[in-house]
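Have a look at the structure below before the remarks.
The values are calculated or read from the model by the stated rules, or taken from the named source; none is laboratory data. Keep in mind the model is a prediction, meaning the values are calculated, not measured. So basically every Cβ, Gly included, is an ideal-geometry build from the backbone, and we count neighbours across all protein chains shown. With ligands, DNA and RNA removed, areas are computed over all heavy atoms of the protein, side chains included. Shrake-Rupley method; radii C 1.70, N 1.55, O 1.52, S 1.80 Å.
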Amino acid sequence: MIRAIKGTRDIFGIETKKWRYVEQKIIEYARKYNYGEIRIPTFERTQLYLRGIGGETDIVNKEMYTFTDKGGRSITLRPEGTAGVVRAYIENKMYADKSLKKLFYMGSMYRQERPQKGRYREFRQFGIENIGSKEPLADAEVISFAYNLYKELGLKSIKVEINSIGCRTCRKNYIRALKDYLKPHYEMLCDNCKRRFDTNTLRILDCKNPGCKKITEKAPSTTEYLCDDCKEHFNEVLHYLDVRKIPYSVNNRLVRGLDYYTRTVFEVTTDRLGSQNAVAAGGRYDYLIGMFHSEDIPAVGFAGGMDRLILLMEEEGLFDAMDEEKPDIFIVAVSNDVRDYVIKIAESLREQGFSVETDLSMSSMKSQMRRAGKLNVDNVLIIGPDEIDKGVLTYKNMKKHSQKEIDIKELENFKKILE
Ligand code: ATP
Ligand code: MG
């Protein structure tokens, strides 16, 4: 037997119903906030991610699915959506009219990490990108989108954590202060963090190693080092969150794993999924576009993990009332000489918008009834040769345990029968 690749999974049955429900809500929400859908390729030149996400990040360092194609190009399966959206934004000159572009995407992402609950190698994310405004209003809208969507989905255990990591100028000062603080503890840091000390000091704050966590507990906080502009920007973001009545807590240790962030960073977290606690994460990335384009264009966005979102919704019992999809009507053929007739009736009912199931295996009436029972169908139509002659058929309402003979003509408006 050929098995699926480790870290990938099949989604079917009632699971797909949950996925569709969530996807539909996301689409609805994007519409409410006027984010237009963008569909980007699932693979890009490796260079895009190397430069965009940054060499000293977990994603680029250890998680990318990279291969050389037959043309000798280095290709990578997308590990996240923002870099691709930014590439598309520039390539399609979406900046040309200088107006704000609001985009959303949804799809599979690929990262080679250790599979566990809530962590897969192929997983799905949706995200929004708000490109063209440096204003705190935009940050607050993006954060509200995430929080309000999750609230509307019914989640109770979520929290918004927010921080500012400043701009080029103040981040430099902060990193210097952080290095000064860490230097005496250098030998106690994990090997990863020892390397990060020079290449990506900020990331040490995000390390999950308990030893490193302990060391950074008393580290200076990013907000103490913000320049006046960044401080004002951060305060205004918080102000607009207050106006929007979005509850949040400022977490001065929050830095995010991707290099492209500036100023605002945030996470939506839960305490219900063990260590896989981030359901959405994002922030401002004012310098990312400038890395691929002739000028910097400010932007802010977030990505939400859909697999984790659905796990969390299950955890909170939000799908308990959802049941397996089933047909509205099952048509039973009493004998094989009425099969043509059954086909016609089935198609007519489908035209009326009903989901209809029939037997396709030339089974006996008894086994058709059994299958209708297994499918838990509410409405069963039974058609036999004698009835066709009389222009009638039997209608069984399985919920009410009632049965009656109806005129075939009545099938032209089956809705009426159901009333
Ligand atoms: P983590 O710290 O959990 O590894 P991350 O910082 O790598 O998360 P992002 O790159 O910001 O995550 O992606 C945004 C969201 O995508 C995460 O909050 C999470 O919900 C989801 N996500 C990330 N990696 C995976 C994965 N391997 N499997 C399932 N969902 C994931
Ligand atoms: Mg990760």
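Figures for the structure shown
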read-out	value
Straight-distance crosslink candidates among lysines, where the alpha carbon sits under 27 Å from Lys404 and sequence neighbours closer than 8 are dropped	Lys326, Lys344, Lys366, Lys374, Lys390, Lys396, Lys415, Lys416
Helix axis angle, 339-351 relative to the chain longest principal axis, alpha carbon, degrees	40 degrees
Sequence-distant lysines (8 or more away, or on other chains) whose Cα lies within less than 20 Å of Lys218	Lys172, Lys179, Lys183, Lys194, Lys208
Glu141 - accessible surface, heavy atoms, 1.4 Å probe, Å² rounded to 10	30 Å²
Part-to-part distance (alpha-carbon centres) for the stretch 297-319 and the stretch 325-355, which is given in Å	40 Å
Largest to smallest accessible area among Leu238, Leu381, Leu318 [probe 1.4 Å]	Leu318, Leu238, Leu381
Simple Cβ-charge dipole of the stretch 303-368, Lys/Arg +1 and Asp/Glu -1, about Cα centre, in debye nearest 20	400 debye
Accessible heavy-atom area order of His233, His401, highest first, probe of 1.4 Å	His401, His233
Between helix 365-375 and the chain: long-axis angle, C-alpha atoms, 0 to 90°, nearest 10	30 degrees
Among Lys396, Lys214, Lys25: highest mean-square fluctuation, GNM of the chain, C-alpha pairs under 10 Å	Lys396
Accessible area of Val160 in the full protein assembly, 1.4 Å probe (Å², nearest 10)	0 Å²
Between helix 14-32 and the chain: long-axis angle, C-alpha atoms, 0 to 90°, nearest 10	60 degrees
Efficiency of FRET from Cβ geometry, Arg20 and Ser367, R₀ 41 Å, rounded to 0.05	0.85
With all protein chains modelled, accessible area of Glu410 [1.4 Å, Å²]	90 Å²
